[in-house]
Amino acid sequence: MRVIAIDGPAGSGKSTVARRLADRLGLGYLDTGAMYRAVTFAALRRGIDPADADDVAKLVRSVDVEVGRDEVMVDGVDASIEIRGPEVTRAVSIVAANPEVRTELVRRQREWVGARGGGVLEGRDIGTVVFPDADLKVYLTASPDVRAARRSQEAIDLDYDVVAADLARRDALDAGRRDSPLAQADDALVVDTSAMSVDEIVDDLVERLP
Ligand code: DC
């Protein structure tokens, strides 16, 4: 069983690097951020206040979330586009700070790996909480400017200043929450992706694999 943990803040290059690495190694890829987004989407769709911890805790235990490589299904509805939209993005940090949501999603993440015998997982707490014994733990970073520029290029209608402000707000919420905050594992390999190409990063990671 080979497990690779890729953590880091939004815009650090996690998704691109994790997907490419999974392909190179013939492993499955799981975007755990998409799971938190899917639960947020389900709450909004059912009219549940994302800040209502008890209601969201009830929801997370029953909601059907299938995160595929390119598609995210929530209770049988294709939510791939909406989970990236502004409403979900605004509300996701509060849902991700809910300890019961984390317990349930971490359980599902471990189950996903168990069923496949390994994989590449990207998130915020993979190397610190979900798989502290991962074969390789990577923490990606990039300068705030580069991260905001990457995010604003992902969609045509995203304004750089709005994106930069939103990233700073989400960083503070993700790093400041009590339960499993965004943090570097002591033994993680820290890679600043600001000035590196995806190929350079992936080649470097493949070389470091035990
Ligand atoms: O990577 P992303 O922007 O899609 O993540 C969405 C949110 O979910 C983000 O605010 C952080 C949170 N998250 C988390 O708390 N733990 C994870 N393993 C992955 C994401």
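The values are calculated or read from the model by the stated rules, or taken from the named source; none is laboratory data. Predicted model, so just to flag it, every value in this text is computed and none were measured. Neighbour counts are summed over all protein chains in view; Cβ atoms, including those assigned to glycine, are modelled from backbone coordinates with ideal geometry.
The table below lists the values:
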quantity	calculated
Any hit, segment 7-25, residues being at pLDDT 95 or above, aliphatic (A, V, I, L, M) and in a strand (DSSP E or B)	no
Pairs, first at positive phi and touching a residue at least 60 places away in the same chain (Cβ under 8 Å) in segment 101-122, second of a type in the set (Gly, Ala, Ser) and more than 13 Å from the ligand (Cβ to nearest atom), C-beta under 9 Å, six or more apart	Gly118/Gly28; Gly119/Ala22; Gly119/Gly28
Qualifying positions in segment 114-133 - buried (at least 23 other Cβ atoms within 10 Å of the Cβ), in a helix (DSSP H, G or I) and in contact with a helix residue (DSSP H, G or I) (Cβ under 9 Å, 6 or more places away or on another chain)	Ile126, Val130
Val191 being part of a strand (DSSP E or B), modelled with pLDDT of 95 or more and away from the ligand (no atom under 16 Å from the Cβ)	yes
Answer residue from segment 61-88, given it is part of a strand (DSSP E or B) and within 15 Å of the ligand (Cβ to nearest atom) and is nearest to the chain's Cα centre (by Cα) among those	Val67
Segment 172-186, residues that are of a type outside the set (Gly, Ala, Ser), near the ligand (Cβ under 10 Å from one of its atoms) and either more than 18 Å from Val138 (Cβ to Cβ) or not in a helix (DSSP H, G or I) (or both)	Leu173, Arg177, Asp179, Pro181, Leu182
Test: Arg37 is away from the ligand (no atom under 16 Å from the Cβ) and either within 19 Å of the chain's Cα centre (by Cα) or not polar (S, T, N, Q) (or both)	no
Residue within segment 200-208 that is surrounded by fewer than 17 Cβ atoms within 10 Å (Cβ to Cβ) and either assigned to a loop (DSSP other than H, G, I, E, B) or modelled with pLDDT under 90 (or both) present	no
Which listed residue, of Ala53, Ala57, Ala18, is crowded, with 19+ Cβ neighbours inside 10 Å and either more than 20 Å from Arg108 (Cα to Cα) or among the small types (Gly, Ala, Ser) (or both)	Ala18
Complete set of residues in segment 89-130 that are more than 10 Å from the ligand (Cβ to nearest atom) and of a type in the set (Asp, Glu)	Glu100, Glu104, Glu111
Filter pass, Leu44 being part of a helix (DSSP H, G or I), in contact with a Phe, Trp or Tyr (Cβ under 7 Å, 6 or more places away or on another chain) and modelled with pLDDT of 95 or more	no
Residue check, Leu182 at pLDDT 95 or above and in contact with a Lys or Arg (Cβ under 9 Å, 6 or more places away or on another chain)	no
Selected residue (criterion: nearest to Ala183 (Cα to Cα)) from residues of segment 134-158 that are of a type outside the set (D, E, K, R) and part of a helix (DSSP H, G or I)	Pro144
